[in-house]
Amino acid sequence: MIQPPGRPEAALFHAVSPPVLSEGLRQQLALGEQRRRQGPRGRYAPSPTGPLHLGNLRTALLSWLVTRLQGGEWLLRIDDLDTPRNRPGAEERILADLAWLGLAWDGPLIRQSERRGLYAGVLSSLRRAGDLYPCRCSRRLLADISAPHGAAPVYPGFCRGLAPRWGPEQGRLPSWRLALEPGTLGWTERLARPGVLDASREVGDVVLRRADGFLAYHLATAVDELTLGITDVVRGLDLWAATGPQMAVMRRLGGTAPQFWHVPLWRDGTGQRLSKREGSGGLAPLRQAGRTPAEVVGLLAASVELVPEGSCLSALELLQETDLDSLRGQLARLAQQRSDAAEI
Ligand code: GLU
């Protein structure tokens, strides 16, 4: 394993205090706090990289249920910052599929691509506050960093302490990483294994702007949870570990983080996770076969044992049939069976 140079610059670690934010950013964060005080707010945040598969649709249904059972507002956010991965027509299809299932969202559709100015403002504030450093490690070098079996490699801080030089060097721009303070990053986890990760050993300095110039998912997501006043994030168990880096950003910005419900992923008959890339059939084949929305809602709900197999009921009927405590109990039982498996 390659050893990082000695840990430099105590100055990179300063007490957690909000970085110097512009007046506009402070207002956005205050608005988020105000919104979350008005009541529960959930969100579903698909990436428009292809049609939603049954696992994605089930997560959307569960997110809608968790929010509506608390009488909250449910937002729909399209995570479309990684433009090379976006697919033409995918957004329209996502909206049509959710509407067909009867999952109505509140307020205007939110697109991350229309909020780039906000994320870029946060990035410059963090940079000005000395929280970010440029990283010029190549992909090859990062791939060589050994990691415990299967776990994502943790960046060992090779570039910590590099002078904050912007421009390209040897034809490459740097990525910008958030220097994490040592200690634990914890969150309220409602379903899966308790939310706690060690910042240095299990998370590592998080990339907030990628070397290809794209704003990173962790930055945008953390900023959105705070400024949109999200109280409950319901998403797949595969994103459990992503919560650590997102908490690190939220902590730096100093807002109230949501609680998290990481739900089990849908597996096919051979135990494989469904994936959009492999085109694991979404709604299209079911609709072509003449299935109704009520049949599909029944199928999705039965797959997490909320209703018996073969049930046929609308999303609104399911809402009336379910209560939050038993939904949580049931999902927690399934998520914990999976928490120790490769999903986290
Ligand atoms: N856009 C991400 C995805 O589709 C999910 C992000 C999230 O829920 O935080 O996998």
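The values are calculated or read from the model by the stated rules, or taken from the named source; none is laboratory data. Keep in mind the model is a prediction, meaning the values are calculated, not measured. Ideal geometry is used to build each Cβ from the backbone, glycine not excepted, and the neighbour counts take in all protein chains shown. Ligands, DNA and RNA are stripped out before the accessible areas are found, and what is left, the full protein with its side chains, is counted by its heavy atoms. Shrake-Rupley method; radii C 1.70, N 1.55, O 1.52, S 1.80 Å.
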- Query: Which of the residues that make up the stretch 240-254 are part of a loop (DSSP other than H, G, I, E, B) and away from the ligand (no atom under 15 Å from the Cβ)?
  - Reply: Gly254
- Note on the structure: Over the stretch 167-224, the set of residues under 25 Å from Leu75 (Cβ atoms), of a type in the set (Asp, Glu) and surrounded by 21 or more Cβ atoms within 10 Å (Cβ to Cβ) is Asp224
- Message: Quick check on the stretch 120-128. Is at least one of its residues loosely packed, with under 15 Cβ neighbours inside 10 Å and touching a residue at least 24 places away in the same chain (Cβ under 8 Å)?
- Response: yes
- Query: Of the residues that make up the stretch 232-239, is at least one within 12 Å of the ligand (Cβ to nearest atom), at pLDDT below 95 and open to solvent by 20 Å² or more (accessible area, probe 1.4 Å)?
  - Reply: yes
- Query: Within the bounds of the stretch 124-131, is there any residue that is modelled with pLDDT of 95 or more and part of a loop (DSSP other than H, G, I, E, B)?
  - Reply: no
- May I ask you to list the residues in the stretch 31-52 that are at pLDDT 95 or above, small (Gly, Ala, Ser), within 14 Å of the ligand (Cβ to nearest atom) and in a loop (DSSP other than H, G, I, E, B)? Ala45, Ser47
- Would it be correct to say that Leu118 is in contact with a strand residue (DSSP E or B) (Cβ under 7 Å, 6 or more places away or on another chain) and aliphatic (A, V, I, L, M)? no
- Close pairs (8 angstrom Cβ cut-off, 6 or more residues apart or separate chains): closer than 18 Å to Gly50 by Cα in the stretch 272-297, modelled with pLDDT under 70 and among the aliphatic types (A, V, I, L, M) anywhere: Ser280/Leu274
- Among the numbered conditions (1) closer than 25 Å to Met250 by Cβ; (2) part of a helix (DSSP H, G or I); (3) within 16 Å of the ligand (Cβ to nearest atom), tell me where Pro84 comes up short. (1)
